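In what follows, a structure is listed as structure tokens, so that the remarks can point back to it.
The values are calculated or read from the model by the stated rules, or taken from the named source; none is laboratory data. Values in this document were obtained by computation on a predicted structure and should not be read as measured data. Glycine also receives a Cβ, built like all others from the backbone with ideal geometry; neighbour counts cover every protein chain displayed. Surface accessibility is based on the protein's heavy atoms, side chains included, excluding ligands, DNA and RNA. Shrake-Rupley method; radii C 1.70, N 1.55, O 1.52, S 1.80 Å.
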Amino acid sequence: MTAGRRIFLNIRALAVARVVTLLSGLVTTAWTARALGPDGFGILGFGTSMLAYAALFVNLGLSTYAVREIARDRSQVPDLAEHVLTLRTLLALLVGGLYALFVLALDKPALVKAVLLVQAVQLLGNALVLDFVYQATERMGVIAVREIGTSLGIMAAMLALVRGPEDVAVAAAITGGSFLVNAVLMLIRYRRDFGRLRPRVDLRVWRKILKTSAPMAVSVFAWALFSHLDLVMLGFMAPQTEVGWYAAATKLLVLSLTAANIVMSAFMPQLAAAYGDTERMRERMRDYAATMLSVGALIAAGGITLAPAILGLIYGPAYTPAADALRLLMVSVAVVHVNMALGNPLLVWHRQTGYMTAILIGGVTNAVLNAILIPRWGIEGSAAATVVAELTAMTGLAWQHRRAVGQLYLGIIARAALCGAAAMAATLALAHVLPAALAPHKPITVVLAGGLALVGIYALGVLMTGLVRPSRLRRLIGAAA
């Protein structure tokens, strides 16, 4: 099978899973946010962000390291899987104990502590999940099935068991328990595909793995400063209702990156395999950058243009005060897509230290700006800090990427930005011409009509500018390995 064909099939498999995950996630998020209210939803979001930092010390970049190594030599699957799972399980037990002590020492109400402790079961689920094996061997269908099962299981349980603000701990338990169940099911699937897994303890091998993965771990930690620090700091510095508003906006940010994660997961094995052949790296990167940025510009444009209506439709009028913060976060989404295009390939091209440095500088920038802006401007200040931090990281990633392949794909970036801006301007003009049809108090009409108009204009733009070409799509499917 050709390389392009494998990428296409992997994208298709993950796309099906992410569509199901996106739709079920929207239902789950809308139901949970409405049932718990801004205060309860804020507690859940605060706990999720706190746990995300603990989870970083469970993974330590091991998944990225394993994907890179297995993609280049698939015979390493049994050894790496056993070493990585043993390491992560031990780390989960250690980190989980320390996390529990930290939570108990917090000056927070008993309900908040209970939610944080219940969510900690996710640490073991994260340690046991074997997505890295199936991503590296380009068997995305297995990952797709797991993701669909997880999302549908969470949705069904939330709809059945979460009815009001008093069920916030139940909601936390549902999410954590579903991750653990699906990790166990994936272990059973691995045994069928590759054989038995057994604990492996070899300190010499572990030192080698951890030494190589350490820059990746620092990079992921720095990336978490973008993704979760704002919500954690708001949890300590802002009223719980504002935390709930911002948690709703950040949920939409995460959902908006669904397509980008599909593209990245599908392309990473091929980008890793191209390492060492500059022309092949450039060829893969052109397709990767065009795909990633085409998706990113459309999603960011839609989020910026339709932010109030999206919040009203999914969460209800109680969450519409987060509209300006969501618009700023959607600006950061556009920058994130550029950073994923330029930055993530560095991890599989043995440039993890440069990636780490760029992301770490951006993460520190985010932390400093949050401390300065949250007290004065609240959630809008936190969202603005995210935008500036992403732009800061982009500067470093662009420099590192140019050193790797000698290109930055500025033409692709410019065409994507032009198409997104044109689609936003045309949709806003349509709202001005037809104010009754796109009235703010009709969020479903605004999202459907405005979304269709924006997508149509954007599609016309990408074809006219050559951002997406039929010949590129044919090459994606039929390119030789």
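Can you find even one residue in region 153-167 that is closer than 27 Å to ALA272 by Cβ, touching a residue at least 24 places away in the same chain (Cβ under 8 Å) and not small (Gly, Ala, Ser)?
Step one: list which residues in region 153-167 are closer than 27 Å to ALA272 by Cβ, which gives none.
For region 153-167, residues closer than 27 Å to ALA272 by Cβ, touching a residue at least 24 places away in the same chain (Cβ under 8 Å) and not small (Gly, Ala, Ser): absent.
Answer yes or no as to whether ARG327 is in a helix (DSSP H, G or I) and in contact with a Lys or Arg (Cβ under 9 Å, 6 or more places away or on another chain). So that I can check it myself, show each step before the final result.
On the way: in a helix (DSSP H, G or I): yes; in contact with a Lys or Arg (Cβ under 9 Å, 6 or more places away or on another chain): no.
Answer is no for this residue.
Would you mind finding the one in ALA156, ALA169 that is under 25 Å from PRO38 (Cα atoms) and out of contact with any helix residue (DSSP H, G or I) (no Cβ under 8 Å at 6 or more places or on another chain)?
Numbers: ALA169 fails: out of contact with any helix residue (DSSP H, G or I) (no Cβ under 8 Å at 6 or more places or on another chain).
Answer to the selection: ALA156.
Considering region 47-87 alone, what residues qualify as being surrounded by 21 or more Cβ atoms within 10 Å (Cβ to Cβ) and of a type in the set (Lys, Arg)?
Hit for region 47-87 is ARG68, nothing else.
Residues in region 368-375: is at least one under 30 Å from ALA35 (Cβ atoms) and not aromatic (Phe, Trp, Tyr)?
In the first step, residues of region 368-375 are kept if they are under 30 Å from ALA35 (Cβ atoms); the result is 370, 374.
This time we only want the ones that are not aromatic (Phe, Trp, Tyr), so: 370, 374.
Yes; the residues of region 368-375 include at least one that is under 30 Å from ALA35 (Cβ atoms) and not aromatic (Phe, Trp, Tyr).
Quickly run through region 98-113 and pick out the residues that are open to solvent by less than 40 Å² (accessible area, probe 1.4 Å) and either within 14 Å of GLU166 (Cα to Cα) or not small (Gly, Ala, Ser) (or both).
First, pick out the residues of region 98-113 that are open to solvent by less than 40 Å² (accessible area, probe 1.4 Å): 99-100, 103, 106, 112.
The answer is TYR99, VAL103, LEU106, VAL112.
Just one of LEU44, LEU80 is in contact with a helix residue (DSSP H, G or I) (Cβ under 8 Å, 6 or more places away or on another chain), closer than 18 Å to THR175 by Cβ and part of a helix (DSSP H, G or I); which is it? Give the steps one after another, and end with the answer.
Numbers: LEU80 fails: closer than 18 Å to THR175 by Cβ.
It is LEU44.
Every residue in region 444-461 that is within 27 Å of ALA417 (Cβ to Cβ) and touching a residue at least 12 places away in the same chain (Cβ under 8 Å), please.
Pass one, region 444-461, residues within 27 Å of ALA417 (Cβ to Cβ): 446-461.
Within region 444-461, VAL446, VAL447, ALA449, GLY450, GLY451, ALA453, LEU454, VAL455, ILE457, TYR458, GLY461 meet the criteria.
Of ALA398, ALA384, ALA426, which residue is over 23 Å from the mean Cα position of the chain (by Cα) and open to solvent by less than 50 Å² (accessible area, probe 1.4 Å)? Give the derivation first.
On the way: ALA398 fails: over 23 Å from the mean Cα position of the chain (by Cα); ALA384 fails: over 23 Å from the mean Cα position of the chain (by Cα).
Step by step, each of ALA398, ALA384, ALA426 is checked, and only ALA426 is over 23 Å from the mean Cα position of the chain (by Cα) and open to solvent by less than 50 Å² (accessible area, probe 1.4 Å).
If the Cβ limit is 6 Å and pairs must be 6+ apart or interchain, which residue in region 313-326 that is under 15 Å from LEU26 (Cα atoms) and surrounded by fewer than 19 Cβ atoms within 10 Å (Cβ to Cβ) pairs with which residue that is modelled with pLDDT under 90 and of a type in the set (Lys, Arg)?
GLY316/ARG34
Kindly evaluate GLU138 against the criterion of being within 25 Å of the chain's Cα centre (by Cα), among the charged types (D, E, K, R) and crowded, with 22+ Cβ neighbours inside 10 Å. Reasoning before the result, please.
Values: within 25 Å of the chain's Cα centre (by Cα): yes; among the charged types (D, E, K, R): yes; crowded, with 22+ Cβ neighbours inside 10 Å: yes.
Yes: the conditions hold for GLU138.
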